[in-house]
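Since the structure comes first, as structure tokens, the remarks are kept for the end.
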Amino acid sequence: MSRRKRFKRIFKLGLCGDWVEIYKITPPPKTEGEFFLAFREKRKRKVLPLFCGITIGGVEALIKDFKQRHVDLTKLLLFIMDRFQNRERFPLEPLIRA
């Protein structure tokens, strides 16, 4: 019997009217980190996973960098656009409903 994965948003960053969010997965996976970074369009429920398997140390560093404005938002936007374009060529897991 498989346990259903649940997601809890722990950080949210506004980005040109859309959102970049960090979620915690419960119960945590056994082989990788329990956090993932996702992109959510304005007024949408579905998210596009950007990075999976982030550990607590990585999350703390990401939040610190976001708050101190050390993240290059141009590169982040280009990365998100690239993920949207490659979604058809490299299928991701089904989009997660948060």
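Here are some notes:
- Peptides 51-57, 67-73 ranked from most to least packed, by the mean per-residue count of other Cβ atoms within 10 Å: 51-57, 67-73.
- Test item: Cα-centred dipole of segment 6-92, Lys/Arg +1 and Asp/Glu -1 on Cβ, debye: 440 debye
- Sorted largest first, the spans of the alpha carbon positions of segment 6-92 along the three principal axes are 34, 31, 22 Å.
Laboratory data are not the source of any read-out in this text; all were calculated from the coordinates shown. Everything numeric in this text was worked out from a predicted model, so none of it was measured. Virtual Cβ from ideal backbone geometry, glycine too; neighbours counted across all protein chains shown.
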